[in-house]
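Everything below concerns the one structure shown next.
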Amino acid sequence: MEKFIVEGPTKLVGNVSIAGAKNVALKALVASLLTREPVTLRNIPAIGDVALMIDVLTSLGKNVRREDHVVTITEDKPLSSTVPLDLGARLRASSMVVGPLLARTKQVKIPNPGGCRIGARPIDRHIEGLKNMGASVVYHPEDGYFWITTEQLRGGDVTFPKNTHTGTETILLAACLSTGKTTIHNAALEVEVDDLINMIRLMGGSITRSENRTIEIEGVETLHGCDFTIMPDRNEEVTFAIAAVVSGGSITVSHSQRSLIEAFLTPFRRVGCGIEEIDETTTRYFWKGPIHAMDIETAPHPGFMTDWQAPWALLMVTAEGTSVIHETVFESRFHYATELMKMGTHIEFFHPVVTQPETYYNFNWEDHDPDAAQAIRITGPNVLHNAVLTMNDLRAGATLLLATIIARGESTIFGIDQIDRGYEHIESRLCALGAKIRREDAD
Ligand code: EPU
């Protein structure tokens, strides 16, 4: 176990290059299971979740070679159909191997993903979709595994009751080698889904997306290998944009994708942050004066993404006035707020009044914890002081790290494997911008 020791405050100034998108890289690795032929993936970020997914592929029988940001996957023996329990528990996206494995081996055993061992809930929409395609799914509570089998996956109509990003991708991955046509209704619009579609098309898949949240997949008998480059990570770009402004600095981002983060850039501009469009793929984000408070509510794409709300909260901590953040996609994603409160911020949790919460929220309302607040109110501006903190999820981790960079004094952060899961060499990239961060043994 390691920890960060951070000395603040520092102004972040300089250039940074955005790494490949975690939420495409993981699925592209899974998509390599769709073929026996070699697959080369480029711009794969050097992050913990990718290392775990490579372990999943290896455990299933693939040979994986990694050099810098290029991963080559080959196959020379029959695939196994069981995802090891420890890997499944540490990586929710590991459940996505179900589609390719079902199509190719007709059976698969996946642990209930993400360490949440309370039944089918976290992937209930994925499971229902697979059943519509001819899969039989049995959950074995005694070992925590879903046993999924099929005589033959066949095309069908899959209608998601609510948005699901990885659920849409799971059905896509299952459908491209099934017989006949699959239509996904209420399919997720997240742009990472489209990058996965681009890769499967390169492999010979037949997929059409139409404007009414529908994706049609014509199953094919076999898919072939490909050489595919992962898109840049838009969540990283948002993180560095906020880093520039909250630290009173200026960060120029290369591999920028402004058109894909418009839902962030609009409020970012409105509250008084600086954006200079240097060229098509280079953007400078900078502090240009006092920031104003503004409310936001998260939503599936094309709304304000749930992944951006934790860093946005830090921006609001530095803003004049009172702002509200209402999380509607995940249940209670505010652990970081309790940590920020240790640093002198004025944040309160509250339960917003919502008519028809069962349709309003993207998570399953019937399972929600009545004590878990879905919103926070921030009154700023606050000057942050040092603290001892613990990260409990990836985006929260990035937020807490930035908070310690702008806080007075020396802070300690535990649980940093959370940030290593999704941000490549985060402390060396922030140190190159002026931050003072040391990684030390936590024992
Ligand atoms: N949900 C269910 N049952 C399901 C599927 C989803 O209850 O069968 C609930 C979830 O618990 C959540 C909501 O529905 O409350 C939305 O879930 P969704 O399936 O859309 O999210 P996800 O696929 O689990 C992906 C990303 C997240 C990102 C969201 C939103 C990956 C590996 N994860 O999660 O990324 O926030 O979509 O775009 O692609 C991250 O990168 O840190 C991260 C959390």
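Values in this text are rule-based calculations from the coordinates and carry no lab data. Worth saying up front: this structure is predicted, and the values here are computed from it rather than measured. For neighbour counting, all protein chains shown are included, and Cβ atoms are generated from backbone atoms with ideal geometry for every residue, glycine included.
Listing for the model above:
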read-out	value
Scaled radius of gyration (Cα, divided by 2.2 N^0.38 Å) that the range 210-257 gives	1.94
Shape call, the range 288-443: gyration tensor on alpha carbons, a/c limit 1.5	prolate
Distance from the range 231-271 to the range 151-214 (C-alpha centre basis), Å	29 Å
Dipole magnitude (debye, nearest 20) for the chain, charges at Cβ of Lys, Arg, Asp, Glu	300 debye
Kirkwood hydrodynamic radius (C-alpha pairs) into Stokes-Einstein, the chain, 10 °C and 1.306 mPa s, D in µm²/s	71 µm²/s
Average Cα contact separation per residue, the range 154-207, under 8 Å, 6 or more apart, as relative contact order %	43 percent
Point-charge dipole on Cβ atoms (K/R +1, D/E -1) for the range 27-134, about Cα centre, debye to 20	300 debye
Label-to-label distance, nm, for residues given as D227 and E211 (7 Å Cα→Cβ offset)	3.7 nm
Relative contact order, percent, the chain [alpha-carbon distance under 8 Å, six or more residues apart]	20 percent
Dipole axis of the chain (+1 Lys, Arg; -1 Asp, Glu on Cβ), positive-most option in L172, P122, W312	L172
Pairs of alpha carbons in the range 91-183 whose separation is greater than 17 Å (percent)	42 percent
Prolate/oblate/rounded call for the range 185-239, Cα gyration tensor, a/c under 1.5 rounded	oblate
Rounded, prolate or oblate (a/c below 1.5 giving rounded, otherwise prolate when a/b exceeds b/c) for the range 260-360 by Cα gyration tensor	oblate
Residue-span extension gain [R438 to R408] - 0.36 nm each, minus C-alpha spacing	9.2 nm
Selection of GluC sites (Glu not before Pro), the range 205-295, meeting DSSP coil and at most 10 other Cβ within 10 Å	E211, E221, E280
Size of the range 252-319 as Cα extents on the principal axes (Å, biggest first)	30, 30, 16
Highest to lowest packing among 73-82, 379-388, scored as the average C-beta count within 10 Å	379-388, 73-82
On Cα atoms only, tilt of 234-246 relative to the major axis of the chain in degrees	0 degrees
Loop-resident sites, the range 258-348, for trypsin sites (Lys or Arg not before Pro), counting at most 11 other Cβ within 10 Å (DSSP)	none
Average projection area in nm² (convex hull over Cα atoms of the range 29-154, one quarter of hull surface)	7.5 nm²
Square roots of five times the Cα gyration tensor eigenvalues for the range 372-443, Å	21, 16, 12
Length-normalised contact order of the range 32-175 in % [C-alpha pairs under 8 Å, at least 6 apart]	20 percent
Gap separating the Cα centres of the range 324-348 and the range 55-94, nearest whole Å	35 Å
